[in-house]
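The values are calculated or read from the model by the stated rules, or taken from the named source; none is laboratory data. Small disclaimer: the values here were computed from a predicted structure and weren't measured. Backbone-built Cβ (ideal geometry, glycine too); neighbour counts: all protein chains shown.
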Amino acid sequence: MASSSDVKSDVQISNKINDERPEKFKGVDFKRWQQKMQFYLTTLNLAHILKEECPKLADPDSRESLLTVETWKQSDFLCRNYILNRLDDTLYDIYSAYSTAKEVWDSLEKKYKMDDAGAKKFVIGKFLKYVMVDSKPVTKQVEEIQILMHELHGQGCSINEHFQVGAIIEKLPSS
């Protein structure tokens, strides 16, 4: 049997996890915010709401069926408001018009995944156009290329090691 100190410890750990909510989303770094938000909602046992529609009332006279729908609606209410409360005020005003957590989530994803695609294109362009010059130390320029490669990786573009080495050699100044 668990002692009262064990139960108290479990409650403190649970509360600590729930207190570590993501920063408010201000319209940038959506992918990072989305992952943190999904983790946060998972700790609250609400992440499943983002993928589910409201269950249909199988039997209107069934207490169990009514309870299932009411439980889902309560979870959706909580999930929707946890998401809205992690949005910047200007975004809150826009997305509070949606009636379910899934609608809010899908709308954010549709809008900001497009922006992420633009960011990926921008980082790829920076990497492809990068040229090393004689006027800067080679080590500094290699660090800049490594940062670009890290940004590419952060955007989901993986480059194998042989290509990375070849790209650095190709970008070396001709002299």
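Given the condition assigned to a loop (DSSP other than H, G, I, E, B), assigned by TED's automatic domain parsing to the domain that holds residue 31 and modelled with pLDDT of 90 or more, answer yes or no: does some residue in segment 99-106 qualify?
Looking through segment 99-106, at least one residue is assigned to a loop (DSSP other than H, G, I, E, B), assigned by TED's automatic domain parsing to the domain that holds residue 31 and modelled with pLDDT of 90 or more.
Determine whether segment 65-77 contains at least one residue that is on the phi < 0 side of the Ramachandran plot, in contact with a helix residue (DSSP H, G or I) (Cβ under 6 Å, 6 or more places away or on another chain) and not basic (Lys, Arg). Full working, then the answer.
Residues of segment 65-77 on the phi < 0 side of the Ramachandran plot: 65-77.
Retained after the next criterion (residues that are in contact with a helix residue (DSSP H, G or I) (Cβ under 6 Å, 6 or more places away or on another chain)): 75-76.
If we keep only those that are not basic (Lys, Arg) too, we end up with 75-76.
Looking for residues that are on the phi < 0 side of the Ramachandran plot, in contact with a helix residue (DSSP H, G or I) (Cβ under 6 Å, 6 or more places away or on another chain) and not basic (Lys, Arg), one finds at least one in segment 65-77, hence yes.
Which of (1) aromatic (Phe, Trp, Tyr); (2) surrounded by 14 or more Cβ atoms within 10 Å (Cβ to Cβ); (3) outside the structural domain of residue 71 (by TED's automatic domain parsing) is the odd one out, the single condition residue 163 does not satisfy?
Every condition holds for residue 163 apart from (2).
Can you find a residue in segment 136-159 that is in contact (Cβ under 8 Å) with a residue 40 or more places away in the chain, in contact with a Ser or Thr (Cβ under 9 Å, 6 or more places away or on another chain) and either surrounded by 14 or more Cβ atoms within 10 Å (Cβ to Cβ) or part of a helix (DSSP H, G or I) (or both)?
Within segment 136-159, not a single residue is in contact (Cβ under 8 Å) with a residue 40 or more places away in the chain, in contact with a Ser or Thr (Cβ under 9 Å, 6 or more places away or on another chain) and either surrounded by 14 or more Cβ atoms within 10 Å (Cβ to Cβ) or part of a helix (DSSP H, G or I) (or both).
Answer yes or no: is there a residue in segment 162-173 that is more than 24 Å from residue 32 (Cα to Cα) and not in a helix (DSSP H, G or I).
Checked against the condition, which is being more than 24 Å from residue 32 (Cα to Cα) and not in a helix (DSSP H, G or I), segment 162-173 yields at least one hit.
Within segment 11-55, which residues are exposed (fewer than 12 other Cβ atoms within 10 Å of the Cβ), more than 16 Å from the chain's Cα centre (by Cα) and either at pLDDT 85 or above or not assigned by TED's automatic domain parsing to the domain that holds residue 73 (or both)?
Hits for segment 11-55 are 45, 53.
Just the residues that are assigned to a loop (DSSP other than H, G, I, E, B) and among the hydrophobic types (A, V, I, L, M, F, W, C), please, taken from segment 107-135.
If the condition is that a residue be assigned to a loop (DSSP other than H, G, I, E, B) and among the hydrophobic types (A, V, I, L, M, F, W, C), then 131, 132, 133 are the ones that fit.
Select from segment 59-91 the residues that are of a type in the set (D, E, K, R) and surrounded by fewer than 16 Cβ atoms within 10 Å (Cβ to Cβ) and list them in ascending order.
So in segment 59-91, the residues of a type in the set (D, E, K, R) come out as 59, 61, 63-64, 70, 73, 76, 80, 86, 88-89.
Correct list: 59, 61, 63, 64, 70, 73, 88, 89.
Looking only at segment 42-75, count how many residues are among the basic types (Lys, Arg) and assigned to a helix (DSSP H, G or I). Full working, then the answer.
Just the residues of segment 42-75 that are among the basic types (Lys, Arg), to begin with: 51, 56, 63, 73.
If we keep only those that are assigned to a helix (DSSP H, G or I) too, we end up with 63, 73.
Summing the residues that are among the basic types (Lys, Arg) and assigned to a helix (DSSP H, G or I) in segment 42-75 gives 2.
Report, by residue number, each residue of segment 84-108 that is within 24 Å of residue 56 (Cβ to Cβ) and either touching a Ser or Thr at 6+ places or on another chain (Cβ under 8 Å) or of a type in the set (Val, Ile, Thr) (or both).
98, 100, 104
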